[in-house]
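Chemist: One structure is given below, represented as structure tokens, and several questions about it will come after.
Just so it is clear, none of the values below were taken in a lab; they were calculated from the coordinates. No experiment lies behind these values; they were computed from the predicted model shown. Methodologically, a virtual Cβ is constructed for each residue, glycine included, from the backbone with ideal geometry; neighbour enumeration extends over all protein chains shown.
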């Protein structure tokens, strides 16, 4: 699915980033809770969707990490010296991605700048990168596709033909407050935006419209406004 840098937000769902402030969500966007499902070894396997959170037509989501009413903003950013300066590349996936060489029946791509280390691309035995060379095998190829489609940030993508469009999972237009399961217990993860929602930076520039985006909700990312995994405690 090709991206674009030209959102038309009138009358549609979209997200506006406020300078050193919250994410302002427009268009009666559904807000839900999602939790990681992990194996007995702690490996992320899939996602469990919980209840929908009640919202209005427009609402503000915390970006600084300090709100006492998460995922909603409570204006804590005004008193905690939050610096939300955006440093993430606002260019296109097609300009940044790397192609992993391997099988002839699938083209695996990765944009490292989007990665938040969610862990769906690997397990204790193997990884997408290691399996690419064996993707002419149908079972291996199916596993690679499944792992890529569960990647929340869209750092990984794939196509069937070298010049073909990327194949994306069919995801709803919504925002999810994510809970991750770690060795130290459940923790708050990013805000997971799905369904090709336009996002406008605080400086007015649009991000590429993508099917999967993970936005920082802890205020610690070095790749604002995108999540880079900084919310996770060190082992």
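Chemist: Do me a favour and compute the ellipsoid semi-axes for segment 93-159 from its Cα gyration tensor, root of five times each eigenvalue, largest one first, whole Å.
Modeler: 18, 14, 9
Chemist: Against the longest alpha carbon principal axis of the chain, how many degrees, from 0 to 90 and to the nearest 10, is the axis of helix 138-149 turned?
Modeler: Between the helix axis and the principal axis of the chain, the angle is about 10 degrees.
Chemist: Highest mean first, what order results for 190-199, 38-47, 65-74, 221-230 on Cβ atoms within 10 Å?
Modeler: 190-199, 221-230, 65-74, 38-47
Chemist: How large is the Kirkwood hydrodynamic radius of the chain, counting all unique pairs of alpha carbons, in Å?
Modeler: Radius from the Kirkwood sum: 18.3 Å.
Chemist: Further question on the same structure: To check you understand DSSP bridge types, tell me what percent of the beta bridges within the chain (both residues inside) are antiparallel, rounded to 5.
Modeler: The answer is about 85 percent antiparallel.
Chemist: Would you compute, from DSSP H runs of 4+ residues alone, the mean residue ellipticity of the chain at 222 nm, taking -39500 (n - 2.57) per run and dividing by the full residue count, rounded to the nearest 500?
Modeler: Value at 222 nm, helices only, nearest 500: -2000 deg cm²/dmol.
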